[in-house]
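Working notes, structure below.
The values are calculated or read from the model by the stated rules, or taken from the named source; none is laboratory data. Treat the numbers as computed from the prediction; the structure is a model and nothing was measured. So basically every Cβ, Gly included, is an ideal-geometry build from the backbone, and we count neighbours across all protein chains shown. Just the protein is used for accessible areas: all its heavy atoms, side chains included, with ligands, DNA and RNA removed. Shrake-Rupley method; radii C 1.70, N 1.55, O 1.52, S 1.80 Å.
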Amino acid sequence: VSNALEYLKTKQNADGSWGTAFQGAMTGFTLLCYFGRCETPDSPFYGENVMKGILYLIELSEKNDGMMASSKTGNGGVYEHGIATYALGEMYALARLGSKTLPGMREAFENGVKVIIKNQLPTGGWGYSSTGGYRDSGGSDPSVTGWHYQALKAAKLSGLNFTGLHQSIDK
């Protein structure tokens, strides 16, 4: 695990993201790896990397009206958003245990969850359109739905109040 985290540290981009495409998702995945070992912005070895990754996701959220996606075409953005929102939810839980404040993180997480709830299909899942963004009718995609459900689970465990959260989970 230590070798893997050290490797990921060397692959972080200057803007705080990871990857060369779909950076919202790649950054979310990488942060989840660090969180799995309870690495936070307070951590002595990887704290700076974690902080820069979180700040990248916050910036994506601010830039895209709550959507944490670097891709605005095709299906990638919807995947990115679910994964990044889930990662921020996990970090929100860990951050309450730490001493560093993360300006904008709570808001980015809250906005991410709102986007997820707003874009849930009547059938209960989530899907994407071929031109980019969320689909508003038709079938859902199981893997997109899985990541969005994980984000909703993190929202529930956060203790924050989200309008429509429990109905969305039940649906």
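Among residues belonging to the range 6-22 that are among the hydroxyl-bearing types (Ser, Thr, Tyr) and assigned to a loop (DSSP other than H, G, I, E, B), point out the one that is farthest from Ala69 (Cα to Cα). Before you say what the answer is, go through the steps one by one.
In the first step, residues of the range 6-22 are kept if they are among the hydroxyl-bearing types (Ser, Thr, Tyr); the result is 7, 10, 17, 20.
Then drop every residue that is not assigned to a loop (DSSP other than H, G, I, E, B), which leaves 17, 20.
On the way: Ser17: 12, Thr20: 13 Å.
If we take residues in the range 6-22 being among the hydroxyl-bearing types (Ser, Thr, Tyr) and assigned to a loop (DSSP other than H, G, I, E, B), then Thr20 is farthest from Ala69 (Cα to Cα).
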Looking only at residues in the range 16-61 that are open to solvent by less than 30 Å² (accessible area, probe 1.4 Å) and among the polar types (S, T, N, Q), which one is nearest to Thr101 (Cα to Cα)?
Thr40
Exactly one of these conditions fails for Ala87: (1) at pLDDT below 95; (2) in contact with a Gly (Cβ under 7 Å, 6 or more places away or on another chain); (3) open to solvent by less than 50 Å² (accessible area, probe 1.4 Å). Give me its number.
(1)
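When the residues of the range 1-44 are narrowed to those that are aromatic (Phe, Trp, Tyr) and touching a residue at least 12 places away in the same chain (Cβ under 8 Å), which ends up nearest to Tyr92 (Cα to Cα)? Write out each step before concluding.
Step one: filter the range 1-44 for residues aromatic (Phe, Trp, Tyr), giving 7, 18, 22, 29, 34-35.
So of that shortlist, the ones also touching a residue at least 12 places away in the same chain (Cβ under 8 Å) come out as 18, 22, 29, 34-35.
Numbers: Trp18: 20, Phe22: 22, Phe29: 15, Tyr34: 14, Phe35: 11 Å.
In this case the residue turns out to be Phe35.
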In the range 23-44, residue nearest to the chain's Cα centre (by Cα) [restricted to those that are in a loop (DSSP other than H, G, I, E, B) and among the hydroxyl-bearing types (Ser, Thr, Tyr)]:
Thr40
Among (1) closer than 23 Å to Gln150 by Cβ; (2) open to solvent by 20 Å² or more (accessible area, probe 1.4 Å); (3) charged (D, E, K, R), which single condition is Lys9 missing?
(1)
If you take the residues in the range 106-140 that are in a loop (DSSP other than H, G, I, E, B), in contact with a strand residue (DSSP E or B) (Cβ under 8 Å, 6 or more places away or on another chain) and open to solvent by 30 Å² or more (accessible area, probe 1.4 Å), which one is nearest to His166 (Cα to Cα)?
Asn119
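Is it true that some residue in the range 116-126 is of a type in the set (Gly, Ala, Ser) and in contact with a Pro (Cβ under 9 Å, 6 or more places away or on another chain)?
Going through the range 116-126, the residues of a type in the set (Gly, Ala, Ser) turn out to be 124-125.
Applying the additional criterion that residues be in contact with a Pro (Cβ under 9 Å, 6 or more places away or on another chain) yields 125.
Scanning the range 116-126 turns up at least one residue that is of a type in the set (Gly, Ala, Ser) and in contact with a Pro (Cβ under 9 Å, 6 or more places away or on another chain).
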